[in-house]
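Report on the structure given below.
The values are calculated or read from the model by the stated rules, or taken from the named source; none is laboratory data. The shown structure was predicted, so the numbers you read here are calculated from the model rather than taken from an experiment. Cβ sites come from the backbone with ideal geometry, for glycine too, and all protein chains shown count toward neighbours.
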Amino acid sequence: MFKCTLLYGVALLVTVLVLQGCASAPETGRRQLLMIDSAREAQLGLSAFEKTKRETPIARNRQANAQLQSVGRRIARVAKVPNARWEFVLFDDKAPNAFALPGGKVGVNTGILPITRDETGLATVVAHEIAHVSARHGAERMSQGMAMQVGGAILSAALGASGYGGATQDLAMQAYGVVGQVGVLLPYSRTQESEADRIGLLYMARAGYDPREAVAFWQRFQAYNSRRGGGGSLEFLSTHPLDAKRIAQLKAHLPQALAEYRKAGGQG
């Protein structure tokens with residue numbers, strides 16, 4: 001039993017390494033673990049988005065909705081995500097948030113509009129969310145979760161086959177869960193957020209929006225967090241980069257984004 005489990009673990013590791021070598025994120029070239037096909041990913045995204053629309057009120061502000069549709073279509077054209085069925089929905093929710101789901105589903109809460117302030121601020125948020133879709137971050141997170149589950153099953157079987165059980169096995173499995181969450185899944189989430197910032201900056205620039213306004217938006221968001229005491233959490237226990245680090249990274253990527261902005265006819 002132990003020998004079979006070990007062989008299965010080796011086979012899984014080889015498969016993961018092959019998959020990592022075959023998939024890479026757009027624009028950045030970062031290698032990715034993708035264990036789910038794009039059709040299944042899109043199906044899951046559509047299902048989740050429909051559920052959100054049933055459970056969360058949709059905003060009726062015509063002007064804000066029209067602006068979201070205009071910005072969304074404009075950025076989606078330069079993102080060029082194959083087979084995406086783009087949908088942009090403004091939700092009547094006071095939380096300053098936005099999200100993206102596989103297949104081209106983007107939700108924006110009305111609570112973030114006072115921070116976006118204008119069309120370019122909204123473009124910063126929408127481009128970031130579209131970047132999540134184009135980089136297949138949803139499939140990547142699902143794949144990481146699947147790999148963690150399989151790894152846990154292998155560890156549990158190996159401990160049992162080696163004669164470890166009861167409290168010892170429970171303690172080992174708990175440690176595995178903590179290490180996986182803090183050491184693997186959260187850092188990957190921060191990597192994805194930073195990557196979406198970088199890709200989104202390029203997308204908004206190519207769509208003709210001044211990428212420098214992305215820095216201004218995140219500075220406003222940082223001020224919002226500071227007023228509510230939410231800007232000082234420990235980064236290693238957070239799914240997002242700290243605001244100051246995020247702003248510094250965006251500034252570092254500005255030269256490339258400004259070059260794209262000028263190609264699109266922008267000034268500056």
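Worth a mention:
- ILE199 being within 20 Å of the chain's Cα centre (by Cα), surrounded by 18 or more Cβ atoms within 10 Å (Cβ to Cβ) and at pLDDT below 95: no
- The range 88-138, subset more than 20 Å from TYR203 (Cβ to Cβ) and acidic (Asp, Glu), residue surrounded by the most Cβ atoms within 10 Å (Cβ to Cβ): ASP93
- PRO255 being modelled with pLDDT of 95 or more and touching a Leu at 6+ places or on another chain (Cβ under 6 Å): no
- Screening the range 17-38 for residues that are crowded, with 16+ Cβ neighbours inside 10 Å and in a helix (DSSP H, G or I) and picking the one that is modelled with the highest pLDDT gives SER38.
- Only a single criterion out of (1) buried (at least 16 other Cβ atoms within 10 Å of the Cβ); (2) closer than 15 Å to ALA135 by Cα; (3) at pLDDT below 85 is not satisfied by LEU44, namely (2).
- Verdict on GLY229 being among the small types (Gly, Ala, Ser), surrounded by fewer than 16 Cβ atoms within 10 Å (Cβ to Cβ), at pLDDT below 85 and more than 27 Å from GLY138 (Cβ to Cβ): yes
- Condition check for SER143: crowded, with 17+ Cβ neighbours inside 10 Å, farther than 24 Å from VAL78 by Cβ, hydroxyl-bearing (Ser, Thr, Tyr) and modelled with pLDDT under 90: yes
- Of the residues making up the range 57-75, at least one is out of contact with any Leu (no Cβ under 9 Å at 6 or more places or on another chain), at pLDDT 85 or above and of a type in the set (A, V, I, L, M, F, W, C).
- The single condition among (1) in a helix (DSSP H, G or I); (2) modelled with pLDDT under 65 that GLY163 does not meet is (1).
- Any chance GLY72 is in contact with a Lys or Arg (Cβ under 7 Å, 6 or more places away or on another chain), buried (at least 21 other Cβ atoms within 10 Å of the Cβ) and in contact (Cβ under 8 Å) with a residue 40 or more places away in the chain: no
- Among the conditions (1) out of contact with any Leu (no Cβ under 8 Å at 6 or more places or on another chain); (2) within 19 Å of ALA42 (Cβ to Cβ); (3) modelled with pLDDT under 95; (4) surrounded by 15 or more Cβ atoms within 10 Å (Cβ to Cβ), LYS80 misses just one, which is (4).
- Residues (of a type in the set (Val, Ile, Thr) and in a strand (DSSP E or B)) located in the range 79-120: VAL89, VAL106, VAL108
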